[in-house]
There are 4 protein chains.
Amino acid sequence: MAGNSFGQLFRITTFGESHGVAIGVIIDGCPAQLDIDMDFIQSELDKRKPGQSKITTQRKESDTVQILSGVFEGKSTGTPIALLIPNEDQRSKDYGHNVDVYRPSHADYVYDAKYGIRDHRGGGRSSARETAARVAAGAIAKLFLKQQGIEIFAHVTSVGTIEAPNLESNDLSALLQIREENIVRCADPATAHEMIEFIDSVRKDGDTVGGKIGCVVKGCPAGLGEPVFDKLHADLGKAMLSINAVHGFEYGSGFAGSELRGSQHNDIPQPKAADLKVFKTTTNYAGGILGGISNGMDITFKVAFKPVATIMHNQQTINAAGEASEIKGKGRHDPCVVPRAVVIVEAMAALVLADQFLRNKASII
Amino acid sequence: MAGNSFGQLFRITTFGESHGVAIGVIIDGCPAQLDIDMDFIQSELDKRKPGQSKITTQRKESDTVQILSGVFEGKSTGTPIALLIPNEDQRSKDYGHNVDVYRPSHADYVYDAKYGIRDHRGGGRSSARETAARVAAGAIAKLFLKQQGIEIFAHVTSVGTIEAPNLESNDLSALLQIREENIVRCADPATAHEMIEFIDSVRKDGDTVGGKIGCVVKGCPAGLGEPVFDKLHADLGKAMLSINAVHGFEYGSGFAGSELRGSQHNDIPQPKAADLKVFKTTTNYAGGILGGISNGMDITFKVAFKPVATIMHNQQTINAAGEASEIKGKGRHDPCVVPRAVVIVEAMAALVLADQFLRNKASII
Amino acid sequence: MAGNSFGQLFRITTFGESHGVAIGVIIDGCPAQLDIDMDFIQSELDKRKPGQSKITTQRKESDTVQILSGVFEGKSTGTPIALLIPNEDQRSKDYGHNVDVYRPSHADYVYDAKYGIRDHRGGGRSSARETAARVAAGAIAKLFLKQQGIEIFAHVTSVGTIEAPNLESNDLSALLQIREENIVRCADPATAHEMIEFIDSVRKDGDTVGGKIGCVVKGCPAGLGEPVFDKLHADLGKAMLSINAVHGFEYGSGFAGSELRGSQHNDIPQPKAADLKVFKTTTNYAGGILGGISNGMDITFKVAFKPVATIMHNQQTINAAGEASEIKGKGRHDPCVVPRAVVIVEAMAALVLADQFLRNKASII
Amino acid sequence: MAGNSFGQLFRITTFGESHGVAIGVIIDGCPAQLDIDMDFIQSELDKRKPGQSKITTQRKESDTVQILSGVFEGKSTGTPIALLIPNEDQRSKDYGHNVDVYRPSHADYVYDAKYGIRDHRGGGRSSARETAARVAAGAIAKLFLKQQGIEIFAHVTSVGTIEAPNLESNDLSALLQIREENIVRCADPATAHEMIEFIDSVRKDGDTVGGKIGCVVKGCPAGLGEPVFDKLHADLGKAMLSINAVHGFEYGSGFAGSELRGSQHNDIPQPKAADLKVFKTTTNYAGGILGGISNGMDITFKVAFKPVATIMHNQQTINAAGEASEIKGKGRHDPCVVPRAVVIVEAMAALVLADQFLRNKASII
């Protein structure tokens, strides 16, 4: 219950500190006989790794994943899959000056307050480096979901106040290709260009900026999600809010939906052949989820990220003794977290869906 | 894992359908020797019950709570506390016409798709009536938190596009009094007046409207929340998203924070005596939570509710055979859910905090 | 985590004190569309209820079960099933003399030590009355298992040193009939007669005596049970050890198996058509479980019950102040618990198997 | 829920196959600021490792443990502790002949039946090699418990029908020294000698033999264990039954207790100063546990192990096609598992007690 596990039936446990020996993840409950494509897992990690482009941190980590257990002759065996990512770039001296100083809007103080001890090297466990383990596990969840016909696509929808138009296309492969052709990972090339320019200027200011990521899930059958507390969107919300720097989550009509009337917001079902597997509504304010359960339409949600707290400016703060202190901007950090977070959002969505898929199997015999 | 329980150490399980015999809740893990004030629990339920005012549903339920176990001579004993709320107003005939028809933007279809069977009377388990059980349990969580000096206050911050100004006061008792003096439960009287007028006009149109609820937690010590997946705000987010009709959650700077720069968003700690229990920042974009762990500042978050799906208009839809069908507006429903949802938001927040309080006790010996 | 829930996917939570308003149970995760036969549930409770015969307690409780939720038109809906058993015979005065006295080998002292408060009426939550709720829930698990072709049969194999011979028959219906024809619930009529005489003489001495219950599960497919920690027999063992007065559990060859050599103990598989669903061994020392997973053979285990602690003799003890005190034999108690415990053993076995059945569904897609 | 985790608050997850890259364990919930003594952890592993003596398997594995996370400057930080034990001796060819053959009384068949796939090298996940991970985690639990004044001691009480007398001494350090002076790990030297001779003769026969391990816990305060399902002895029982080859568990008076009368079995409390922390009974049939909760007396239990299934004889069996097949005795296996299992029993007991210790903290504020 110390919070390092996620999911019930498709369950992961992550471990590792930013500057320790390694980080990693155990997946318990991955169904047997799934083809484990290590190249795919690595390619997902490559989308999150540092040092990708001029608008990400310049730290270098290859983030090479190793498999320790649970796979035999290329297939999952039903036993725990352990994935290990050794830490290569442990340049702790970058952080040596922060031993006794609480960086503004970082977790330094709260770890001390909670545990009375803190691995101060690079944020220790509070570092977003932990999310690499999620991406590795999420890649396996994606392989499982793909087998079930479920696909997930996320991209950057805003950086600061620069907002991308809604996507028209339903072709996720095409969108993925467009997204990966630009370093900010926005599927609208014109907006992407604008975003990149903006992040670059923010970076030159030694500053950072927030942004938003939108996600769509296609091919999800009706019936996923448990009523009451473990609603599908509640699990998705928790998953997203557990990602470093996330401050908000909305699905379907979201916050804007609170301004509408019922007569505007209701999604009208379209007549169909009597096939419960096919359900279509004219609009999709519901975001593919009714009463917490998927209805077969596209699942849509959006995630808001605050700006990265580490800036290259000098800032006032306090030290562990509560005294005034100054922190100088140093190190190699992201000016904007969303380009690297796209694959994290997808990974967490995949983990939720894989888990709810298995849970749904037990609803009826 | 069927989703009817919430919390790890302070854990509730709810049961009951809208038009069944009763609804109720089991609280497992409430610490022993807590004074159980039944009048307080009932007064909380009264804030959620139907038929309170002209802007809520006119259904009548006294929602009288009974205690079945776990309390001896007025005190909790450490054993499960069972609370029962018998259903009085089971006027099922209001719903008889919906047996085979899927109401737009309701959970009717997905329950059929998931379970192959559905208690169609008043929405069965998907009805917001289930939240009465949460309010009863949340009241006990509030009693526990009050003992620890933690207090929770929520109010309606918007209805449609009518938005209340930010609260200036820190006096929760005074705010509570103001809030309870108007039927929409907004702590700003002028805005409250406007909201009530608007909801009443929407109601006369046979329509409904969405809104938002803001919540603040005061007196929360630093250290609550578990790193990585069970971050305090992730648990709060899941709790809120599990409430019927909620489509969005944000804490601290929220969605707006994604538009800011790090140099604007960072909360600067103020120098203090060397007391880890006291931590103050000049601003509070963090919403009282850093790295998923409370820092001792006010915890702030906001919840968006979509408009109620049941409207008094005729709507196109489909029946269980997938054929076109029409649903006529009937029954007694809320034109806007937020006035009655304020106490639900507080209850779910209380359940999260009580749970994380107990979990935090195990972090260090 | 306060220990009042059992199971993962087919999960129960019990509540209620011996002399409170009611006891009950919530079943979360019972698959939808199961026929809920209330007569069967009641008939199971009747096998556990007090006052059945001269060798059980003479307390009278009809133990009439009510259903509050989760069943619609006779079928489970997939939502929580709440079962309530009101307490009728709350003759608390029988227990008034024990308020401050710790009865030898009862839980009085440890509840005070743990919680600092204790519902002393009839043992409160520590009373075996709680097991009625398990029997009710177990009855529903049995209905589910029967649908899958799995049947469970337990009977009394020993009372004191009187031991029944091993059962020859494989006809569970016939054995059940024989068992229910005698009040001690041993399926060997001659031994049953001897046991009854013995218990009656012990009762006349104002004393009590222990015994053992054996259980067999037929029709269980291969594959139930999770490797490593949640082995099928580990879950069965925990289930049995959680029953009041149980001091030991063994399966298959059990304690006697520890005296054998591998060459004696190994069960030799018999050649068969290439059908993984059929696996037969010449012997069954394994008790139907290999590596924690069912192999399709009969599952067999045995449970040891200590003698009931309440005797009709005066006993030395201490009071809450730690002073010497004497307790006088009073009240209406069982001279031997095993006749009423047979159905509890079956219920707990059913709950484990239903849970592991659902869990196994998620092992492979 | 795939069964590779154990514990609620002090929770471990193990991974790894017998002949994979490595095995390991994640400990989530170890309280912060605990001194992590790596030498002690390694010395515990050394007691379990193969190749120790003539009466254990002659396989060689140094079982060297590495720490990957969760420890900073020698102390636990409250974050997950990852321990890794690389597999050195992966002589898979010893097992090559078993690819398609189901070894009698092994888990080969059930893994195929459950998962449809099986890592046949050395038993894969079903190998007792997995217990090395438990011993490593249990060593950390022991360090935590020692800080709380709780100590655990197990030794071999029987091999085949050779039974050691009950221990008279209460000096666990002295007993530990005696135990470690003989290779069978029985604290009675005369019996130890006899056991060793017997195991050696069994080994020369190419056969194996079962045995029993007894365990005592000293210094456990009253109050550990949760009522109803998570009784202290139910958790201990599950823990022990989850160890490979265990077929029975009993605590306190155990199976023999079922033959006694209440007037013999009741433990009479001794008058004391009014200190709830001190509770003494004249006898200890309860095994230190009443109503599932520790009472402060010594906790005592016993565990029965079946004989190892791998024998050096030729045996009849079937292959994956269900055809008759013969298996030849080969490889390097233990003639008797109990000498190496003593430290596994202690480790699992430590994990249960550490978990229940933390859970008990949340019972009362």
- Item | With eigenvalues of the C-alpha gyration tensor scaled by 5 and rooted, the protein assembly as shown, Å | 50, 38, 32
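How large is the Rg to Rh ratio of the range D:66-213 when both quantities use alpha carbon positions and Rh follows Kirkwood?
Working: Rg = 19.9 Å, Rh = 19.1 Å.
Ratio of gyration radius to Kirkwood radius: 1.04.
Normalised by the number of residues in the range C:155-245, what is the relative contact order in percent for Cα pairs under 8 Å and 6+ residues apart?
Details: 79 pairs, mean separation 26.6, N = 91.
So the answer I get is 29 percent.
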- Listed with the fewest Cβ neighbours within 10 Å leading, C:Ile41, B:Ile213 appear as C:Ile41, B:Ile213
- Query: Relative contact order, percent, of chain C when contacts are C-alpha pairs under 8 Å separated by at least 6 residues?
  - Reply: 22
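Which value, in nm² and rounded to one decimal, describes the direction-averaged projected area of the C-alpha convex hull of the range B:209-294?
On the way: hull surface 28.0 nm².
Over all viewing directions, the range B:209-294 projects a mean Cα-hull area of 7.0 nm².
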- Task: Throw me the Rg/Rh for the range D:203-244, computed over C-alpha atoms with Kirkwood Rh, two decimals.
- Result: 1.20
- Inter-copy label distances at C:Gln264, 7 Å along the Cα→beta-carbon direction, one decimal in nm, shortest first? 2.6, 8.2, 8.3
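Within the range C:108-202, which GluC sites (Glu not before Pro) sit in a loop by DSSP and count at most 10 neighbouring Cβ atoms inside 10 Å? Don't jump to the answer; show the numbers that get you there.
Details: sites: C:Glu130, C:Glu151, C:Glu163, C:Glu168, C:Glu180, C:Glu181, C:Glu194, C:Glu197; in loops: C:Glu168, C:Glu181.
Hits after loop and neighbour filter: C:Glu168.
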- Message: Can you list the copy-to-copy distances for D:Ile364, using a point 7 angstrom from Cα toward Cβ, in nanometres, shortest first?
- Response: 2.5, 5.0, 5.2
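Let's test the formula: R0 of 41 Å, r as the Cβ-Cβ distance of B:Ser173 and A:Gln52. What FRET efficiency results, to the nearest 0.05? The partial results should precede the final answer.
Details: r = 53 Å, r/R0 = 1.29.
Result of the calculation: an efficiency of 0.20.
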- Computed over the range D:149-211, Cα set: Rg, Dmax in Å: 12.6, 45
- Who wins for biggest fluctuation among B:Pro269, B:Pro104, B:Pro86 in a Gaussian network model of chain B, springs between alpha carbons below 10 Å? B:Pro269
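Please report, in whole Å³, the volume per residue of the convex hull around the C-alpha atoms of the range B:280-339. Show your work: numbers first, answer last.
Working: hull volume 10.2 nm³, N = 60.
Dividing the Cα hull volume of the range B:280-339 by its residue count gives 170 Å³.
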- Message: Taking every alpha carbon pair in the range D:1-150, what does the distance histogram look like in 10 angstrom bins from 0, in percent?
- Response: 11, 37, 31, 17, 4, 0
- Item | Over the range D:188-342: Kirkwood hydrodynamic radius from C-alpha pairwise inverse distances, Å | 18.6
- In degrees rounded to 10, the 0-90 angle between helix D:131-147 Cα long axis and the longest Cα principal axis of chain D is 20
- Query: At 222 nm, what helix-only mean residue ellipticity would chain A give, in deg cm²/dmol to the nearest 500, using -39500 (n - 2.57) for each DSSP H run of four or more?
  - Reply: -8500 deg cm²/dmol
- Item | the range B:1-50, Rg to Rh (Cα coordinates; Rh as Kirkwood inverse mean 1/r) | 1.01
- Message: Among D:Ser126, D:Ser158, D:Ser325, which one shows the highest mean-square fluctuation when chain D is modelled as a Gaussian network with alpha-carbon springs under 10 Å?
- Response: D:Ser325
- Note: the range D:135-185, point scatterers on Cα, Debye, no solvent; log10 I/I(0) at q = 0.14, 0.15 Å⁻¹ equals -0.47, -0.53
- Message: Cut-off 10 angstrom, C-alpha nodes, Gaussian network model of chain C. Which of C:Lys328, C:Lys212, C:Lys231 fluctuates the most?
- Response: C:Lys328
- Task: Relative to the longest principal axis of the C-alpha atoms of chain A, give the angle of the C-alpha long axis of helix A:232-241, reported between 0 and 90° and rounded to the nearest 10°.
- Result: 10
- What residue of chain C has the nearest C-beta to the axis that moves C onto A, and what is that distance in Å, given as a whole number? C:Lys361, 3
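How big is D for the range D:99-181, in µm² s⁻¹ as a whole number, if Stokes-Einstein is applied with the Kirkwood radius of its Cα pairs at 4 °C and 1.567 mPa s? Could you put the intermediate results ahead of the total?
Details: Rh = 16.6 Å.
Reported coefficient: 78 µm²/s.
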- Item | Percentage relative contact order, the range A:61-163, counting C-alpha pairs under 8 Å, at least six apart | 19
- When the convex hull of its Cα atoms is projected in every direction, mean area for the range D:258-365 (nm²): 13.0
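Send over the Kirkwood Rh of the range A:174-254, from the inverse of the averaged 1/r over different Cα pairs, rounded to one decimal Å.
Values: mean 1/r = 0.0651 Å⁻¹.
Its Kirkwood hydrodynamic radius stands at 15.4 Å.
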- Scan around D:Leu290 for amide H atoms under 5 Å from its own, H built in the peptide plane at 1.01 Å from N, and keep only partners 5 or more places away or cross-chain. D:Asn295
- Note the distances from B:Lys146 to each other copy's matching label point, with points 7 Å along the Cα-to-beta-carbon direction, in nm, sorted shortest first. 4.7, 4.9, 5.6
- Task: Could you list the square roots of 5 times each eigenvalue of the Cα gyration tensor of chain A, that is, the equivalent ellipsoid semi-axes, sorted largest first and rounded to whole Å?
- Result: 35, 25, 19
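Each value in this text was obtained by applying a stated rule to the coordinates, not by laboratory testing. Note that this is a predicted model, so its numbers are computed, not measured. Please note: Cβ atoms are built from the backbone with ideal geometry, for glycine as well, and neighbour counts cover all protein chains shown.
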